[in-house]
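Everything below concerns the one structure shown next.
The values are calculated or read from the model by the stated rules, or taken from the named source; none is laboratory data. What you see is a predicted model; the values in this text were computed from it and never measured. Don't worry about glycine lacking a Cβ; one is built from the backbone with ideal geometry, like all the others, and counts go over all protein chains shown. Ligands, DNA and RNA are excluded from the accessible area calculation, which covers all protein heavy atoms including side chains. Shrake-Rupley method; radii C 1.70, N 1.55, O 1.52, S 1.80 Å.
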Amino acid sequence: MDNRTISLLEDIQSDIFLFKSQQETEFRKLSSSLNGIDSRLTALESTLADTTTAAISSHTKSLRKEISATCLHTLCRLNTLSSQMQLVNNSIQKFHTSLNSTPDEIITQIFSWIDSCHVFKFRRLNKRVDSILKTAHFAVLNQTKYDQLIKEELQDCLEDDVAELGHGFSGVFALAPSAFQDVYFRRYNPLLKSICSKISWDFTSFNESDSEWKPDFSPFLCRFDGVQELCISRVRGLVPKEFSRFILLEKLEIRGSEMAVISSEICGLPNLSNLSIFGCYVTEDLPKELANLVSLKALCLEGNRLPGCLPTNLGDLRNLVVLSLCGNGLFGELPESIGNLTSLKCMNLSLNRFTGAIPKTVGNMKCLETMDMKFNDFTGLLPSELQHLPRLSSCDFRRNPNLVCNFELRCVCLK
């Protein structure tokens, strides 16, 4: 290769290196520019994100504060209302309010517009209201405002065979203080005296907000001393001593009440021929004074949880036709005197805990038609005297596992 060719090749190589150098320089400039743009874009995105997040975060915090404040305020109001409602609805705790600046006469006038079924529930507001509602002055104002309604209610009772005394009268009997009852009785005495001889008081739906609520026995009830038939439902407490005024009472029925004991006042009613007490949670033994009811023809004491044994003098009730003591907790042996109930037609002593042998004196009960003694713990042999009771048509001794019958009698059911 000659010198000319070598020189040409060296010039071409030099040009290539120069071009390459120029291209690398341009690439570096372009790359640097791109990096700058990317940095600016990243910074711009970061700024935008920070701005958006800050704005949203600030707005969210503001909303949260407003919602929190609203919830707290609502919760406080609900707690306050709930506390107030609990105080008002509490039948024991008094709900105190301030009426010190209101004159007594204004308070009397305000409450006189509320009927007797509801007004006396406000006695627990405070002592001042309680004392005002106990006055005869309040009684006169209240009864004057409701005079027409009271007369209509009593007039309706005159037209019925049985006076089912309504809510207004029940309010007087159940809740009213003695001064209110005194004014009521004096004011409406002619109508009250004219009410028929049969009275029914049922407090089952008197207080619908409390199904367990029962009013106390009130002496006011005993002012109707001419009553011959009396039915009372859902009361509580001891029978008042004034109950002995019912000297003409022939039929007494008490249901679903809490009376604990069959009192001496009941056992002293001379003309009582029918005594029925159902589901009244009588927790004391049958009194021996029960035998004083010599006119008694029906004695029904069912489902009362009666404890103890039958009185030994039960046989003194010689006029008794119906004896039903089922569904109690009576125990022990039947007294021999039970055979003295020679007028008895129906005897039901089932669902108790009687034990021992059935006395042979039952053979003296010639009028007996039905005898129900199931679900007890009688033992021994059935008395053969049962074969000689001419009217006996049903004799149920089921569920007395240790009781044996060694004679044939078609009406006897033992298993």
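Which distance in nm do the two modelled labels at residue 318 and residue 134 give, with both placed 7 Å along the Cα-to-Cβ direction?
Taking the simple label geometry, residue 318 and residue 134 are separated by 5.2 nm.
Quick one, what does Rg over Rh come out to for region 297-382 if you take C-alpha atoms and the Kirkwood Rh?
Result for region 297-382 is an Rg/Rh of 0.92.
For residue 271 and residue 110 in one chain, what is 0.36 nm times their gap in residues minus the Cα-Cα distance, to one decimal in nm?
Numbers: separation 161, 0.36 × 161 = 57.96 nm, distance 4.65 nm.
Length difference between fully extended and current span is 53.3 nm.
Under a crude label model (7 Å from the Cα following the beta-carbon direction), how far is residue 333 from residue 288 in nanometres?
1.9
Over the heavy atoms of residue 223, what accessible area does a 1.4 Å probe trace out, to the nearest 10 Å²?
The value for residue 223 is about 70 Å².
Which FRET efficiency value, to the nearest 0.05, is calculated for residue 147 and residue 261 with the Förster distance at 51 angstrom and r the Cβ-Cβ distance?
According to the calculation, E is roughly 0.80.
For region 259-305, what is the accessible area per residue in Å², given a 1.4 Å probe and the full set of protein chains?
Heavy-atom SASA per residue in region 259-305 reads 40 Å².
On average, how much accessible surface per residue is there in region 332-415, in Å², for a 1.4 Å probe, leaving out ligands, DNA and RNA?
It amounts to 50 Å² per residue over region 332-415.
State the percentage of accessible surface on region 224-369 attributable to carbon and sulfur atoms; use a 1.4 Å probe and exclude ligands, DNA and RNA.
Summing carbon and sulfur atoms, their accessible area is 49 percent of the total for region 224-369.
Using the structure shown, list the pairs from 134/251; 121/288; 251/366; 241/374 with a Cα-Cα distance above 32 Å, or answer none.
Over 32 Å apart, Cα to Cα: 134/251; 121/288; 241/374.
Considering only the other residues whose Cβ falls under 13 Å of the Cβ of residue 114, what net charge follows from Lys and Arg at +1 and Asp and Glu at -1?
+2
Between residue 216 and residue 236, what length comes free when the chain is fully extended (0.36 nm per residue of separation minus the Cα-Cα distance, one decimal in nm)?
Answer, rounded to one decimal: 6.7 nm.
Please find the FRET efficiency linking residue 377 to residue 179, where r is the Cβ-Cβ separation and R0 is fixed at 35 Å, and quote it to the nearest 0.05.
0.05
Which cross-chain or sequence-distant (5 or more) residues have an amide H under 5 Å from the amide H of residue 332, H modelled 1.01 Å from N in plane?
The list, which skips near neighbours in sequence, is 355.
Stretched out fully, how many nm does the piece from residue 385 to residue 409 gain, at 0.36 nm a residue minus the Cα gap?
Between residue 385 and residue 409, full extension yields an extra 7.5 nm.
Less than 14 Å from a label point 7 Å out along the Cα-to-Cβ axis of residue 353: which backbone N atoms in region 378-399 qualify, by residue?
378
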